[in-house]
Amino acid sequence: MDKTSTAAGPIYRTLSSKQQTGFPVSVNMAQLEGGPGAIELGLACIVGCFDKHARGDGDAASLTTKEFQSLIKDGFPNVLKGECAEKIMKTLDLDESGTVDFKEFMNLIGSLAIMLHQALSEISQKSK
Ligand SMILES: [Ca+2]
């Protein structure tokens, strides 16, 4: 069942989101009352950045090496070095397809989030 509302409220794609997450997810953040929450905004940025770079070759489902290098430069100018992009991509490409799809890309996001949390925890411990 696909319940979609474009005029009056957020769009819920119950079929596709339930297959992914097990519960309905709003996919139109622009129409949320009060605007998106901080984490929702962060998720939108991650998805939007992946989509922007993945569309380079007309296939928005995955990143080629060139697209991945472009995403690293654009999305992680402080955290990751551009020259490491090929090595990172090989690590992320779990199915060895030669491209990085969104699920593979999320492993990078998850790892970086864990590293950031650990770094902040260490800083917090040192300041006590
Ligand atoms: Ca892949």
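A compact table of results
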item	result
Anisotropy class of segment 36-126 from Cα gyration tensor, a/c 1.5 cut	prolate
Fully extended contour minus Cα-Cα distance, from Met115 to Leu94, at 0.36 nm per residue	5.5 nm
Loop-resident sites, segment 25-120, for trypsin sites (Lys or Arg not before Pro), counting at most 14 other Cβ within 10 Å (DSSP)	Lys81
Loop-resident sites, segment 57-109, for GluC sites (Glu not before Pro), counting at most 14 other Cβ within 10 Å (DSSP)	Glu96
Sorted by Cβ density within 10 Å, fewest first, the residues Leu112, Leu80	Leu112, Leu80
Dipole of segment 48-128 [Lys/Arg +1, Asp/Glu -1 at C-beta], most positive-end residue of Ile88, Ser124, Gln69	Ser124
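Bear in mind these aren't lab numbers, they're just calculated from the coordinates by the rules spelled out. Just so it is clear, the structure is predicted and the values come from calculations on it, not from any experiment. No Cβ is skipped: glycine too gets one built from the backbone with ideal geometry, and neighbour counts run over all protein chains shown.
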